[in-house]
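To start, the structure itself, in structure tokens.
The values are calculated or read from the model by the stated rules, or taken from the named source; none is laboratory data. Remember, it's a predicted structure, so these values are computed and weren't measured experimentally. Every residue, glycine among them, receives a Cβ derived from its backbone with ideal geometry; neighbour counts consider all protein chains shown. Surface areas here come from the heavy atoms of the whole protein model, side chains and all, with no ligands, DNA or RNA. Shrake-Rupley method; radii C 1.70, N 1.55, O 1.52, S 1.80 Å.
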Amino acid sequence: ATDAMGQLAERSIEEALRLPENADVKIVGKANFDPSDINITPQLIALKGSKPDALLAWNTGAPIGTVFRGLLDTGFDVPVATNYGNMTYAQMKAYEPFLPKDLYFSSAEWLPHPASISLRHEVEAAQRDFFARFSAANVKPDVAHTMVWDPMMIVVFALRALGPEAKPEAIRDYLVGTEGYFGVNGAYDFKKVPQRGLSDENVVISRWNKVANTWDVVSRPTGIPLQP
């Protein structure tokens, strides 16, 4: 999309593809659209003509629904990758009639993963606690819950160290120097990765499983594919 997030994503993808390890990956076509557009058929027809092996659709919310509908309407059937902002069960249910057959997501490590993936034991423990608490509340968590959970728990972590009367500035200063906080999304290192704490080392790829109504993790952290 032509909004700020879309422009940032486009620049980031182009930057990533300039890395030596991605030299064999080429962009064969691009398309932009206004987030308020409800029909992007011309753009998708042009992209289809480029005969890509896959499509990156870096949009969230209603715009990604526009993309999915357009792909179905134009018969544009290739694997589609999108971002973690769309990893909600409500969204998958709403878009079920026109979801791409092969739909992939990048996200942090929060998803339940196969035994062949081994995360830090502290992260595994945080995830077990996370899912146990939501199971007790009869709630099936998705990315909306993880985006709130870790930040909330990180603040609690700082308050336990500084005391409940700590000022915002003191909390920030404490977290800036934090190297070893373990949450459901991975091992946070705010010294190494300012502001976020997580990096591509904490990213996994998942595929939407329509039958199971969930996401199946299909890569190790950093995106290395699992062996079939």
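Worth a mention:
- Residue list for segment 23-55, filter: touching a residue at least 24 places away in the same chain (Cβ under 8 Å) and among the acidic types (Asp, Glu): 34, 37, 53
- Any hit, segment 8-22, residues being acidic (Asp, Glu), without any contact (Cβ under 8 Å) to a residue 40 or more places away in the chain and either under 24 Å from residue 94 (Cβ atoms) or surrounded by 13 or more Cβ atoms within 10 Å (Cβ to Cβ) (or both): no
- Of everything in segment 188-217 that is of a type in the set (Gly, Ala, Ser) and farther than 17 Å from residue 150 by Cα, the residue that is most open to solvent (accessible area, probe 1.4 Å) is 212.
- Looking across 137, 158, 144, one residue alone is closer than 29 Å to residue 88 by Cβ and in contact with a helix residue (DSSP H, G or I) (Cβ under 8 Å, 6 or more places away or on another chain). It is 158.
- Within segment 69-102, the residues that satisfy the criterion of being out of contact with any strand residue (DSSP E or B) (no Cβ under 8 Å at 6 or more places or on another chain), assigned to a loop (DSSP other than H, G, I, E, B) and not acidic (Asp, Glu) are 75, 88, 95, 101.
- So residue 110, is it under 15 Å from residue 31 (Cα atoms) and aromatic (Phe, Trp, Tyr): no
- Residues of segment 1-53 satisfying the condition of being over 23 Å from residue 74 (Cα atoms) and of a type in the set (A, V, I, L, M, F, W, C): 4, 5, 8, 9, 13, 16, 17, 19, 23, 25
- Within the option set 146, 66, being within 16 Å of the chain's Cα centre (by Cα), in contact (Cβ under 8 Å) with a residue 24 or more places away in the chain, buried (at least 20 other Cβ atoms within 10 Å of the Cβ) and in a helix (DSSP H, G or I) holds for one residue only, 146.
- Unique residue being open to solvent by 40 Å² or more (accessible area, probe 1.4 Å) and either closer than 25 Å to residue 92 by Cβ or part of a helix (DSSP H, G or I) (or both) when the list is 30, 48: 48
- Annotation: of all residues in segment 162-179 being among the small types (Gly, Ala, Ser) and in contact with a helix residue (DSSP H, G or I) (Cβ under 8 Å, 6 or more places away or on another chain), the one that is most open to solvent (accessible area, probe 1.4 Å) is 170.
- Residue 183 being more than 25 Å from residue 12 (Cα to Cα) and open to solvent by less than 40 Å² (accessible area, probe 1.4 Å): yes
- Consider segment 91-126 and keep the residues that are small (Gly, Ala, Ser) and touching a residue at least 24 places away in the same chain (Cβ under 8 Å). The one that is surrounded by the fewest Cβ atoms within 10 Å (Cβ to Cβ) is 116.
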